[in-house]
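Novice: Below: one structure in C-alpha cells.
The values are calculated or read from the model by the stated rules, or taken from the named source; none is laboratory data. Bear in mind that the values here come from a model prediction, so they are computed numbers and not experimental data. Cβ placement follows ideal geometry from the backbone for every residue including glycine, while neighbour counts extend to all protein chains displayed. Ligands, DNA and RNA are excluded from the accessible area calculation, which covers all protein heavy atoms including side chains. Shrake-Rupley method; radii C 1.70, N 1.55, O 1.52, S 1.80 Å.
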Amino acid sequence: MPPLPGGIFLCYNGMENKMVHQYQLNGYNIVLDTCSGSVHVVDEVAYDVIAMYPDHTADEIVAAMLAKYGSRPDVTEEDLRQCIDDVTSLKENGKLWSPDVYKDMAFDFKNRNTVVKALCLHVAHSCNLSCSYCFASQGRYHGDRALMSFEVGKRAMDFLIENSGTRRNLEVDFFGGEPLMNFEMVKKLVAYCREQEKIHNKNFRFTMTTNGVLIDDDVIDFCNKECHNVVLSLDGRKEVNDRFRVDCAGNGSYDRIVPKFQEFVKKRGDKNYYMRGTYTHFNTDFTNDIFHMADLGFTELSMEPVVCDPSDPSALTEADLPILKEQYEILAKEMIKRDREGRGFTFYHYMIDLTGGPCIYKRISGCGSGTEYMAVTPWGDLYPCHQFVGDPKYLLGDIWKGVTNTAVRDEFKHCNAYARKECQDCWAKLYCSGGCAANSYHATGSITGVYEYGCELFKKRMECAIMIKVAENQELAAKGIEVPIELGSTCNACADGEACEVVFAFRIHARHFGGFAADQSAACEFAALGDTSDNAAGDVNVELAAGIVVEEEEAAGTLHEDVVDAHGNEVLADRVVTAELEGEHELGAHAVRAGDENRVLVFLADFEERAEAADGAEDARDHRALGKGLDAFNEFVAGIDGNAGSRVGKLAHGKYLE
C-alpha cells in the first residue's frame, strides 16, 4: 500500500512491535499483547493507531489517520485523540506493551526440583508397517528389533512410582514401533499398575498409539476400559496414506485400517482419541486429508509436519512454507463453516483457546522432556523423549540406576522459553515455551537452537487458533449461547516439582458486543480465587465487559459457593467497550458491566501470581492438548471508569473474591 504522510508504511501481515503482535485474518483485526495474554479485536482505525503508537506522537498519528480515513464521517480528530487516549490507558494498565515480568520468574531451572510424571514406554521396537518417513527407522530406532519383557515393564512402572514424589496422576504412553505387537505384555502390565495404584495412592492414565493393523475386538474393549486416550495413525486420503504407510511387501494400509478405526471410534463413545497424520512435501494440500478424515466420521484430528533430513524427498521445502501457512488458514475457515453447519471437528493444534493454557511455569519450561517425561527402551534405557532414543549422547541412564547422566538432564532443565536469544522478542514464546527440543536438535545440533521452519508454522497455527475463538464468540454473542472456555492461573507447584493439574472450565455467555474479550489465555497475570488453601472452585459466575459471563464449573475440592453475577448493558457492534465496575460488597466481589460503545474492545480481567504452592491440586482430566493443569484464582481485576464517555476504563487492582 502507499505510504501515509511522513513516509509511514503500515504492514498488515503480522505486525510485531515490542511484544505486541498484530494480524488480520478472516476479516478480524486482532491485537495480541504477549506478556499479559490480552487479545483485542478492534476496527481498522484503532488497528492502525496501535501500529503507529509506539514510535509516533499523537499529532503524527492523527494526521496520518485523517489522511487515510478523513473521508469517513465517523473519523474525526476528536474521535482519533480519544482512541489514542484509550490505547494509552491500555498501556498504562498492562493490556498493551506490558512488561515481561516472567523473565525474572524464569528461575535457575538447573537447580529446580523435578519429579517424573510420565513415561513413553517403548514396548515394541518392531513394526508391521514400513513407513519410509518414520523417524524411528521403521520402529527399530536404528538398532535391533525387540519387544519389552514384562520384567522390564514392571521395573519401569516401579521407577515411575519411586520418582513421582507426591504427584498422584501418572501418565504412560504405550509406544513403538507398533505396541500392539506386544499386546499381551501391555495387558499384564496395566493389571500390575492397577494393583500398585491402591498401594501407593497413584492414578495411572494410559495412552495407546497404534497404526491400527492389529486392532480387533479384544484391543477395542481393552482400550475403552483402560486407556485414557488413544492415538490412531492415518495420513488422510487413500493415495496419500498409502504412499508411505505400507507393509513390508509394499502394500498400502488404508483399506485395512480405516474400517477398524471407524469401528474403534464408534465403540469408544465419548472417550478421548485422535487421528494423527503426517504431511510431507507430497501433500502440502494437507487440509484435504484432514477434511477427508472428518468426512469419514472422525472428529478429533491432528496433522503434523514431517521432520526429516532436508535431502529426503519427503522433506518440506522453503517453497512449501507459504503454501502451508495458507493451508492452516483454509483449515481454520473451514472449521468455522462446518461448525455452523453442525458437522464440526476438533483440530489438535487449534485447541489452545478451547482448553485454556498451563500455568506460567509450564509456559516457560515446556513439555518437561528429559526431566519430568522420559522414554524407556525395551532394554530399560532412559532417554529424554522418544525422538532421542538410540542417540548415545542423550542416554540418561536406566530404570534400575536412575538418571546417571545428570549433565544431560540439567541441559534439558535449562531448555525453556528464555534459553534462546532468538526467542526473547517473539510474541509466541509463552505459547510454545521455546519450541520442541528434539526438533531444535535435529535442525541445529543443539536442543537450545531454533528450528525456524517449525517456528513459522507454529505461529501461524496460533494466529488461526485465536481467530477461531474470536469468530466463535462473535457469532455466539447475538444468540446468547454459552461456550466452554478455560482461563489459566498459576501456582508454585510446577516450580516445586509438584502437580499443577486442576482445570477450571469456564463458559462465555455472549450478548451483543463489538468483538472478542481478551486475556483468554493463561499467559497473563495470575492468581487464586477465594481460599488459597484449596485448588478448586465452586460455582462462580463473573460477568465481564460486554456481557460476557465466565463461570467456573465444579472441580475437585472446596471453595466458596458464592455466586457473583451481573447483567451487562447492550453493546453495539462498534469499537471500544468501556467497562464500569459494580461492587457486590456482600460477596466481596466485583462484577463488570459494559458501558459505552467505542473503538477498542478490551477484556478487563487479570490474574496475578499466586504466592504459595497449592498442595494436592490434581484432576484426572485430559492433558494431551496445550491446555493443561491450572490453579485456582486469587485476585480478580476488573475495569472501572466513572465517565460514561471514556473510551477505555481504568483498571482497579487489589479487589479480592473471598
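Novice: Suppose R0 equals 30 Å. What FRET efficiency, 1/(1 + (r/R0)^6) with r the Cβ-Cβ distance, do Q262 and S130 give to the nearest 0.05?
Specialist: 0.80
Novice: If you bin every alpha carbon distance in region 269-397 into 10 Å steps from zero, what whole percent lands in each bin?
Specialist: 10, 29, 32, 25, 4, 0
Novice: Right, here's the next one. What distance in nm separates the two pseudo spin-label positions at K103 and A407, each 7 Å out from Cα along the beta-carbon direction?
Specialist: According to this spin-label approximation, the distance is 3.1 nm.
Novice: How much accessible area per residue does region 160-275 have, counting only protein heavy atoms and a probe of 1.4 Å, in square angstrom? Don't jump to the answer; show the numbers that get you there.
Specialist: On the way: 4770 Å² over 116 residues.
Solvent-accessible surface per residue comes out at 41 Å².
Novice: Would you mind checking the pairs K337/K460; K202/K267; K333/K459; K271/K325; K103/K413 and listing those with alpha carbons more than 25 angstrom apart?
Specialist: The pairs that break the limit, which is 25 Å between Cα atoms, are K202/K267; K271/K325.
Novice: Here is a follow-up. What does the extension gain come out to for E239 and L66, with contour length at 0.36 nm per residue minus their alpha carbon separation? Kindly include the intermediate steps, with their values, before the conclusion.
Specialist: Numbers: separation 173, 0.36 × 173 = 62.28 nm, distance 5.52 nm.
So the extension gain works out to 56.8 nm.
Novice: For an R0 of 30 angstrom, estimate the FRET efficiency from the Cβ-Cβ distance between N288 and K479 and round to the nearest 0.05.
Specialist: That pair, N288 with K479, gives E of 0.45.
Novice: Right, next: Go through region 231-248 residue by residue and turn each phi into a ³J(HN,Hα) via Karplus (6.51, -1.76, 1.60, θ = phi - 60°); whole Hz please, and just put x for glycine and proline.
Specialist: Karplus values, whole Hz, x for Gly and Pro: 10, 10, 8, 8, 8, x, 4, 3, 5, 6, 4, 7, 5, 10, 8, 10, 7, 5.
Novice: Cross-link partners among lysines for K91, C-alpha distance below 17 Å, same-chain residues fewer than 8 apart left out?
Specialist: Within the straight-line cut-off, K91 pairs with K18, K650.
Novice: Which of the three applies to region 172-230, rounded, prolate or oblate, going by the alpha-carbon gyration tensor with a ≥ b ≥ c and a/c under 1.5 meaning rounded?
Specialist: It is prolate, given that a/c is not under 1.5 and a/b is the larger ratio.
Novice: Exceeding 26 Å between C-alpha atoms, which entries from my cross-link table qualify? They are K225/K362; K117/K225; K154/K198; K188/K401.
Specialist: As for pairs spanning more than 26 Å Cα to Cα, those are K225/K362.
Novice: I323 to Q24: FRET efficiency via 1/(1 + (r/R0)^6), r the Cβ-Cβ distance, R0 22 Å, to the nearest 0.05?
Specialist: After rounding to 0.05, the efficiency reads 0.65.
Novice: Follow-up. Between A249 and K187, what is the label-point separation in nm under the 7 Å Cα-to-beta-carbon projection?
Specialist: Between K187 and A249, the label points sit 2.7 nm apart.
Novice: Search the structure for amide H atoms under 5 Å from the amide H of F204, placed 1.01 Å from N in the peptide plane, and list their residues when 5 or more places away or on another chain.
Specialist: When sequence neighbours closer than 5 places are left aside, the close amide H contacts are L170.
Novice: Return the sequence-ordered ³J(HN,Hα) values of region 269-284 in whole Hz as given by the Karplus equation 6.51 cos²θ - 1.76 cosθ + 1.60 applied to θ = phi - 60°, using x for Gly and Pro.
Specialist: Working through the residues one at a time gives x, 9, 6, 5, 7, 7, 7, 10, x, 10, 10, 10, 4, 8, 9, 5 Hz.
Novice: For region 325-405, report the accessible area per residue in Å² (1.4 Å probe, heavy atoms, rounded to an integer). Please list the in-between numbers first.
Specialist: Details: 2940 Å² over 81 residues.
Value for region 325-405: 36 Å² per residue.
Novice: Could I ask something else about it? Could you list which residues have their amide H under 5 Å from that of A146, counting only those 5 or more apart in sequence or on another chain, with H placed in the peptide plane?
Specialist: Residues meeting the amide H criterion: H125, S126.
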